[in-house]
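Trainee: I have a structure I would like to understand better, so I am pasting it below and will then ask my questions one at a time.
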Amino acid sequence: MKGLGRDQSIDSKHSKEYMKKILSVMVCASLSLGTMAQEALAFDANAGVKSKMTVYDGTSVNYTAYERLFYVTNVEDSTYQFLNVYVPDGATQQTPIFLRTYVGGYMASPATQPQVGDATGRALKEGYVVVIPGTRGRNSSIVADKAYTKTHKSVKKGQTVYTGRAPKAILDLKAAIRYLRHFDKQMPGDAERIITDGTSAGGAMSALMGATGNNPEYAELLKAMGAADERDDVFASVCYCPIIDLEHADMAYEWLYQQTDSRQALDDTHKGYTTELAALFPAYVNSLNLKMPDGTPLNADNYLDYIKSEIIRAAQIAKNAGADIPDSIGFKFTSEAGGMFAAPINGGMRPMMQGGQPPKGMRPMHGGMGRKQVGEYITDLDMKKYLNYVVSTQALKGVPAFDSQIEGINSASGENEEFGDETGSSVNFTDFTAQKNGTTVSDAVRQNVRLLNPMSFIGDSKTTVAPHWYIRHGARDRDTAFPVPVNFATKLQNAGKDVNFLLAWNRPHSGDYALDELFEWIKKITK
Ligand code: DHB
C-alpha cells in the first residue's frame with residue numbers, strides 16, 4: 001500500500017471514506033472477487049467530491065476528486081485497474097494533466113491520493129490536473145472464481161492467478177491514457193497534454209508511456225482488456241532512474257563496474273560472468289549508432305569518456321550552485337587562482353585578490369577551514385576512483401545484476417519474476433543467463449521483454465514518441481549502470497526529441513527531486 005495516506009493532510013472525511021473504499025476492494029479481491037462483470041466505461045462529471053489539501057508551503061489547494069474510475073471493461077483485478085483524478089479549482093479543459101505512476105520494483109500499485117511531498121502535491125499546487133492510475137504488478141494475484149474460469153479455459157476454480165506479470169503494468173497505464181482521451185470532453189484537463197512521471201520501475205513505465213504511443217504490438221492486448229479504442233500517445237514523460245533495456249542492462253553493468261575493487265574481489269565464477277558480460281557491451285552500444293549532441297559518433301571507444309563528461313557536467317552544475325565537490329573521489333580542478341575570494345575564520349573581510357594574485361604582503365590562501373581549496377572549473381575525473389566511490393555508497397548488485405537466476409548459483413531477481421507467467425514462475429529473459437542454465441528464452445518471453453523496453457520503439461514509424469522528455473539518473477545510483485539512461489536519452493535526442501537529461505549530482509536511486517526545476521521545465525513546455 002505504498003504511499004496511501006502517508007505524508008498528507010487531506011480533508012479527513014474524504015480521506016477516511018477513501019480508505020474505507022480502498023480497504024473494501026482489497027478485502028473483496030482477497031476473497032477472490034478480483035474480476036468484475038463487464039460494464040461500459042463511465043465518467044460522471046457531476047460525481048466529483050470537493051476536498052482540499054495543505055501543500056508544502058502551508059497553503060491550501062481546493063480540488064474535486066473523481067476516484068475509482070475503472071479504465072477497462074474487462075476488469076481482471078479490481079484492486080488495481082482504476083484511476084483517480086484530482087482537479088484543482090481553476091483548472092479548465094486546456095489544463096495539462098500530470099499522470100503519476102507509483103509503480104516500484106514492478107510491483108502492483110494501487111491508485112492513491114496526491115502526496116504533499118512529491119510531484120503530485122506540487123502539480124496540484126501548480127494548478128495541473130493530477131491523475132494517479134493503479135496498476136497490476138508482478139505480485140498481484142487473484143483466486144479464480146467460476147466466472148474467471150469461463151474466460152480463462154486453462155485455469156481451474158480456486159487457483160491463484162498472478163495478474164500483473166509483464167507487460168500488464170504498461171497495458172494498464174495505456175488503458176488509463178485511453179480512458180482520459182475517451183472522456184476528454186467531459187473531464188477537465190487536456191488529454192492531448194499528458195505529462196507522465198515515475199521513478200525506477202515506475203520511471204520505466206513513464207518511459208514506456210512516452211516511447212510506445214499507439215504502437216500496434218500492444219493493440220490486441222489492450223482490446224482484449226476492454227480498453228477504450230483511442231490513441232495512447234502522450235505529450236511529455238518525466239523519468240527518474242528508469243530501469244529499462246533489461247536485455248542489455250547486465251552487460252552495461254559489468255562493462256562499467258568490472259574495474260571496481262568490488263568486482264575484482266568476486267569468486268572466479270562470478271568474475272568470469274563479469275568478464276563475459278562486459279565483453280558483450282561494445283558490440284551492443286556500437287549497434288545503436290548513437291551520436292553525441294554535437295554530432296560526434298558515440299561508440300565503445302569513446303563511451304567511458306562520454307560518461308565521464310556527463311558526470312563532470314552534473315558536478316559542475318552542482319558546484320556552480322555552491323556544492324562542495326570533493327577532489328578525494330577523483331575530480332581535478334583548474335588552479336585556484338583567478339579571482340578566488342574567501343572569508344577569514346575570525347570575521348572581517350579579506351580583500352579580493354586582484355588578477356589572481358593576493359594583495360601585496362599576503363600569502364595565497366589554501367582553504368579558510370583548513371580544507372584543500374579547489375578551482376572554479378572541474379577539468380577531469382578519475383573514473384576508476386569515482387566508480388569505487390559510487391560502490392562505497394551502496395554495494396553493487398550481484399552478477400548478473402538483472403537476469404540473475406542461475407540454477408545452484410544465484411537466486412531470482414524481481415525482473416525474473418516480472419517475466420514469469422500467471423502461475424507465479426520466475427524465468428530467464430537474456431540469452432546469456434538462459435545459456436548458463438542450458439535453456440533458451442522462449443518467443444513469448446522475448447516479446448514481453450520487447451514490450452517492456454522503450455528502446456525498442458524509438459524511431460519506429462508505427463509509434464508516436466512523446467516530443468518532450470525529462471530524464472534523471474543519480475550520479476551515484478547503481479541500481480542500473482549509467483549507459484542505460486545515457487543510451488536512452490541519446491537515442492531520443494538523435495530522434496529529434498526535446499530531451500532534458502542529467503546524471504543528477506550526488507543523487508542515489510530516487511525520484512521526484514529538484515521539483516522547482518522540474519515544474520519550471522513543465523511550465524516551459526506547456527506554455
Ligand atoms: C527497482 C529497483 C531495481 O534495482 C530494479 O532492478 C527494479 C526496480 C525499483 O526501485 O523500482
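The values are calculated or read from the model by the stated rules, or taken from the named source; none is laboratory data. The model shown is predicted, which means the values in this text are computed figures rather than measured ones. Cβ coordinates were reconstructed from backbone atoms using ideal geometry, including for glycine residues, and neighbour counts include every protein chain displayed. Surface accessibility is based on the protein's heavy atoms, side chains included, excluding ligands, DNA and RNA. Shrake-Rupley method; radii C 1.70, N 1.55, O 1.52, S 1.80 Å.
Trainee: Trypsin sites (Lys or Arg not before Pro), restricted to the stretch 422-481: which are DSSP loop and have at most 12 other Cβ atoms within 10 Å?
Mentor: Passing sites in the stretch 422-481 are 462.
Trainee: Now a separate question. Applying the Karplus parametrisation 6.51 cos²θ - 1.76 cosθ + 1.60 with θ = phi - 60° to the phi angles of the stretch 378-383, what ³J(HN,Hα) value in whole Hz is obtained for each residue in order, glycine and proline being reported as x?
Mentor: 3J(HN,Hα) across the stretch 378-383, in whole Hz: 7, 10, 6, 8, 7, 5.
Trainee: Under a 5 Å amide H to amide H cut-off, with H placed in plane at 1.01 Å, what residues pair with residue 291 once short-range neighbours are removed?
Mentor: 298
Trainee: Assuming 0.890 mPa s and 25 °C, estimate D for the chain with Stokes-Einstein, Rh taken as the Kirkwood radius over Cα pairs, in µm²/s.
Mentor: Answer from the Stokes-Einstein relation: 99 µm²/s.
Trainee: May I ask you to rank 456, 411, 51 by accessible area, largest first, using a 1.4 Å probe over the protein chains only?
Mentor: Of 456, 411, 51, the descending order of accessible area is 411, 456, 51.
Trainee: Taking the Cβ of residue 239 as the center, what net charge do the other residues with Cβ under 9 Å away carry, scoring Lys and Arg +1 and Asp and Glu -1?
Mentor: Within the 9 Å Cβ shell, the charges total 0.
Trainee: Here is a follow-up. Using the per-residue mean of other Cβ atoms lying within 10 Å as a proxy for protection, in what order, highest first, do the peptides 148-156, 394-402, 110-118, 239-247 fall?
Mentor: Ranking, from highest mean packing down: 239-247, 110-118, 394-402, 148-156.
Trainee: Roughly speaking, to the nearest percent, how much of the chain's 1.4 Å accessible area is carbon and sulfur?
Mentor: Roughly 51 percent, rounded to a whole number.
Trainee: Specify the inter-centroid distance of the stretch 231-269 and the stretch 35-114, based on alpha-carbon positions, in whole Å.
Mentor: 32
Trainee: I would also like to ask the following. Per residue, how much accessible surface does the chain expose to a 1.4 Å probe? Answer in Å², no decimals.
Mentor: I get 42 Å² per residue for this part.
Trainee: Which of 168/462; 50/150; 332/397; 332/497; 168/308; 174/319 have a Cα-Cα distance over 31 Å?
Mentor: 50/150; 332/497; 168/308; 174/319
Trainee: Give the relative contact order (percent, whole number) for the chain; include only Cα pairs under 8 Å separated by 6+ residues.
Mentor: That works out to 15 percent.
Trainee: Could you give each residue of the stretch 487-493 its phi-based ³J(HN,Hα) in whole Hz, using Karplus coefficients 6.51, -1.76, 1.60 with θ = phi - 60°, and x for Gly or Pro?
Mentor: The phi angles translate into 4, 5, 4, 5, 4, 5, 4 Hz.
Trainee: Just to check I understand the Karplus step: with θ = phi - 60° and J = 6.51 cos²θ - 1.76 cosθ + 1.60, what whole-Hz values come out for the stretch 478-485, glycine and proline as x?
Mentor: Per residue, the Karplus-derived 3J(HN,Hα) values read 10, 5, 9, 7, 3, x, 5, x Hz.
Trainee: Could you tell me the calculated FRET efficiency between residue 42 and residue 214, based on Cβ-Cβ distance and R0 = 25 angstrom, to the nearest 0.05?
Mentor: 0.55
Trainee: In addition: Pull out the extension gain between residue 261 and residue 520, defined as 0.36 nm times the separation in residues minus the alpha carbon to alpha carbon distance; nm, one decimal.
Mentor: Full extension of this stretch gives 89.2 nm more.
Trainee: Skipping prolines and chain starts, which residues have an amide H placed within reach, meaning under 5 Å, of the one on residue 381, given they are 5 or more residues away or on another chain?
Mentor: The answer is 332.
Trainee: Can you tell me the 0 to 90 degree angle between the C-alpha axis of helix 201-211 and the longest principal axis of the chain, rounded to 10?
Mentor: For helix 201-211, the angle is close to 80 degrees.
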